[in-house]
Every structure is written in structure tokens, then in C-alpha cells.
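The values are calculated or read from the model by the stated rules, or taken from the named source; none is laboratory data. Here the structure is a predicted model, which is why all the values come from computation and not from measurement. When we count neighbours, we look across all protein chains shown, and the Cβ atoms used for this are built from the backbone with ideal geometry, even at glycine.
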Amino acid sequence: MKLARGRSARRACSAGVSPALCVGKKPPARCRRHGATRRAGCATMSRKLALLAGSGEKVPARILNGITIRDQIYAELKQELAALSGDGIRPGLAAVLVGENPASQIYVRSKIAACEQLGIGSWMRTPPATVTTDEMLALVAELNSRDDVDGILVQLPLPPQVDTKRVLEAVDPAKDVDGFHPVNLGRLVSGRAGLVACTPAGCMEILRRSGIPIEGADAVVVGRSDIVGKPMALLLMHASATVTICHSKTRDLPGVVRRADIVIAAIGRAAMIEADWVWPGATVIDVGINRITDRAEAQKIFANFPAKLAQFHEKGSVLVGDVHPGVAEVAGAITPVPGGVGPLTIAMLMSNTVKAARLRRGRGQTAPGSLTGVAAAKP
Ligand code: NDP
């Protein structure tokens with residue numbers, strides 16, 4: 001039986017359990033987030049479900065505001081940068097932006113702006129779209145050899161004639177602030193401190209700084225890319241969650257997602273995770289960023305969200321995550337799009353740059369972002 005909605009949600013199912021609680025043939029007897037039985041009462045779950053099942057009133061999820069968390073991290077980074085400055089150290093980030101891809105230009109500009117805001121040194125190198133693999137390798141080698149460059153960011157995607165893997169593997173692992181180098185991925189797998197991919201690291205910061213329990217939680221990561229899904233799953237596993245990784249070949253995806261206390265959506269499909277896929281009270285981290293420009297699609301997704309629809313009509317496009325906006329009425333906590341994971345991705349790039357500057361000078365672990373560090377996450 002699927003989670004019932006609307007009028008029928010007020011009637012008990014054949015197992016004698018309100019359909020809002022009943023997400024399978026046999027409804028679970030315990031709150032899987034807190035371990036309490038339903039009768040004994042789990043405050044978060046009871047409140048959400050009583051309201052869902054009883055009056056039919058919708059309880060909005062707690063919004064996990066990425067901008068607020070980013071600002072906390074920036075405040076911590078500023079303190080660390082001041083301490084480093086006292087020792088004559090100014091961390092620096094070099095960004096390589098190939099060609100004229102407008103989305104890449106926006107991303108790189110916002111990363112450079114963040115460096116300027118924090119007082120981190122920044123350089124932008126802009127090879128033409130016709131650049132060759134050898135030219136890119138020469139550029140990376142030059143940046144590797146510069147002592148004032150602590151972090152190297154190669155904005156993806158690279159043009160098709162460039163061997164992306166060779167270029168990324170040429171970056172000195174000590175300067176690999178994107179965390180894409182196999183050495184850093186290996187460190188993550190084996191639970192050693194290193195530079196961790198920014199978006200998954202940002203998701204961990206959101207969970208930890210919002211007080212979401214991770215240890216023992218059932219976490220479902222939808223997406224298995226090298227830059228989001230895989231490192232995300234590893235970070236959650238190191239933080240002692242029980243992790244399931246889903247992808248395009250997963251059978252009964254809604255059923256798997258429904259078992260999760262924590263859902264991470266990193267799919268690249270607009271509004272794909274629907275409200276009746278999500279366990280009431282679950283935490284949902286929406287990594288997806290999808291720009292909707294089609295009127296019919298906007299009307300379908302935002303049928304019950306007039307403000308978003310009005311935004312679409314005014315601007316001709318609107319952003320949506322991989323999670324349907326209706327999930328906010330079922331989840332216990334959710335990240336918004338925009339303003340959720342996105343700001344944390346840039347914050348973690350800044351944190352990684354400062355961390356790289358310190359580690360390259362033999363100065364050990366850092367405070368900001370250290371919650372994300374695998375070593376810190378292990379008991
Ligand atoms: P990829 O395209 O590299 O990976 C997408 C993953 O989703 C794949 O593992 C794919 O499975 C899986 N997938 C695709 N379709 C389905 C489906 N129908 N059912 C189940 N799984 C499916 O994307 P990324 O990981 O790079 O990015 C994911 C999303 O996150 C995008 O929307 C991107 O824009 C966003 N993003 C946001 C960032 C931020 O800062 N907020 C940063 C980075 C990304 P399979 O492997 O089988 O093909």
C-alpha cells in the first residue's frame with residue numbers, strides 16, 4: 001500500500017494503521033529515526049503523523065537553509081584566515097575556465113567572488129575552447145609548481161577534445177580542492193583525512209550543523225556519480241549511517257527511498273522524488289539544480305505552488321531540484337532549491353582551499369569543515 005493522500009488519508013488501512021503511517025504492507029512498528037515505538041511516542045514522528053493522519057493538516061518541513069550554514073562556515077574561515085595571515089600565509093585558489101560556457105562562467109565567477117569576500121587570493125586562467133590536452137597539462141603543471149597557489153580548480157565540463165581524466169589526474173593531490181583526484185578519493189574510501197569533494201562535504205555540513213542524527217540512520221543516496229553520489233555515500237558510511245546507493249537501474253526506487261531516514265537526491269531529473277516516496281518526517285537533501293523553461297512542465301510541477309508558477313511566468317524560467325516541491329509537506333526537514341546545497345558547495349571549496357594551504361605547510365586539521373573530515377566522523 002502506498003502512502004495515501006487527501007480524503008482517504010484519514011481512514012485507517014486494513015492493518016489498522018492510518019494510511020499516512022502505512023508505507024508498506026506491514027507498517028513499521030518503530031520510529032526508524034529515533035527507535036521509539038509509535039505507542040511510546042517519538043515526538044518528531046508523532047507530531048508529523050498525527051497531524052497528517054488526524055486533521056489532515058499539512059505540517060511544513062523544517063527548512064535547512066544553506067545560506068545560513070554557509071555564513072557560519074565563512075565566519076569560522078575568516079577567523080582561520082586571520083590567524084594564517086598573522087603567520088604571513090594567504091591561501092590562494094587558481095580557477096581554470098575553458099571556453100565560453102555561460103553556466104561555467106557563472107559558477108567560476110561566484111567562486112572567485114567568494115574568494116574575494118573572504119580575502120583568499122584568486123586567479124582565473126581562461127584558455128580558449130580550442131585548447132588541447134597537452135596545453136591543459138602544461139597549464140596545470142605551471143599551477144602545480146607555484147607556491148602561492150594552494151588550490152587548483154578545473155571547471156567542468158572540458159571540451160570534447162580534452163582528456164578530462166588526464167587533466168584532473170595531473171592536478172597535485174595536495175592542491176586538489178575539488179577532491180576529484182584518485183589519491184583523494186582513495187583517502188576517502190580508506191577513511192583517511194584528505195580533500196573531499198565539495199558538494200557531498202557540504203551536504204554533511206548541512207546534516208551535522210542542523211543536528212540531524214546520522215549514526216545508525218538509514219540513508220538512501222539516489223545517484224552514483226564520482227563527484228556527488230559516490231563520495232556522499234562514503235561520507236555517510238564513515239559517519240555510521242547504513243547506506244543504500246540507487247541509480248538508473250535500481251528496482252522499485254520509490255520503495256527503497258521510502259525506507260530512508262535521510263534521502264540524498266543527486267539525479268539531475270527535475271522534481272523526480274515525489275511526496276509519496278518519502279517517509280513522513282525523513283530528512284531530504286536535494287542536490288539537484290534544474291532550470292525549467294517549458295511552460296507545461298512548470299505547470300505540472302508547480303500546480304499547487306502559485307508563487308513559483310508566478311515566478312516562472314515573470315522570468316520565463318524557474319529552478320527546481322530533483323525533489324518535488326510537494327515533498328516539503330511530508331519530510332521532517334528539507335533543503336530548498338535554490339539556497340540549500342548550492343551555497344555549501346562554494347563554502348566547502350573555500351574551506352578546502354584554506355585546508356590545503358594549511359596542510360601544505362604542515363599545519364594539521366582545521367576547524368571549519370572539519371566536521372566533514374572523515375577522520376572527525378569516525379568514532
Ligand atoms: P550525473 O548525471 O553525473 O549522475 C546522475 C546519477 O543519477 C547517475 O548515477 C544516474 O544513474 C542517476 N539517475 C539518472 N536517472 C535516474 C533515474 N531515473 N532513476 C534513478 N537514478 C537515476 O549527475 P551529478 O551527480 O553530477 O549531479 C546530480 C545533480 O546534482 C544534477 O542536478 C546537478 O546539476 C546537481 N549538482 C548540484 C550541485 C550543487 O552545488 N548543488 C553540484 C553538483 C551537481 P546511472 O549511474 O545508472 O546513470
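Residue pairs whose Cβ atoms lie under 6 Å apart, sitting 6 or more positions apart in sequence or on different chains, and linking a residue in the stretch 256-273 that is more than 18 Å from residue 242 (Cα to Cα) and more than 10 Å from the ligand (Cβ to nearest atom) to a partner that is modelled with pLDDT under 95 and not aliphatic (A, V, I, L, M), do not occur here.
Taking residue 143 as the residue in question, decide whether it is closer than 29 Å to residue 362 by Cβ and under 23 Å from the mean Cα position of the chain (by Cα). In short, no.
Residues in the stretch 329-363 that are surrounded by 21 or more Cβ atoms within 10 Å (Cβ to Cβ), in a loop (DSSP other than H, G, I, E, B) and within 14 Å of the ligand (Cβ to nearest atom): 335, 337, 340. Residues in the stretch 291-312 that are out of contact with any helix residue (DSSP H, G or I) (no Cβ under 7 Å at 6 or more places or on another chain) and small (Gly, Ala, Ser): 296, 303, 307, 310. Please specify each residue of the stretch 235-255 satisfying the condition of being away from the ligand (no atom under 14 Å from the Cβ), hydrophobic (A, V, I, L, M, F, W, C) and in contact (Cβ under 8 Å) with a residue 24 or more places away in the chain. Across the stretch 235-255, the qualifying residues are 235, 236, 239, 241, 243. Pairs are defined by a Cβ separation below 9 Å, a sequence spacing of at least 6 or placement on different chains, a first member in the stretch 282-308 that is under 26 Å from residue 344 (Cα atoms), and a second member that is of a type in the set (D, E, K, R) and within 16 Å of the ligand (Cβ to nearest atom); the pairs so defined are 282/258; 286/322; 287/322; 288/269; 288/322; 289/322; 290/269; 290/322.
Can you find even one residue in the stretch 293-309 that is within 16 Å of the chain's Cα centre (by Cα), surrounded by 22 or more Cβ atoms within 10 Å (Cβ to Cβ) and modelled with pLDDT of 95 or more? No, the conditions are met nowhere in the stretch 293-309. Among the residues of the stretch 309-320, just one is outside any helix (DSSP H, G or I) and either free of Cβ contacts under 8 Å to residues at least 12 places away in the same chain or away from the ligand (no atom under 16 Å from the Cβ) (or both), namely 316.
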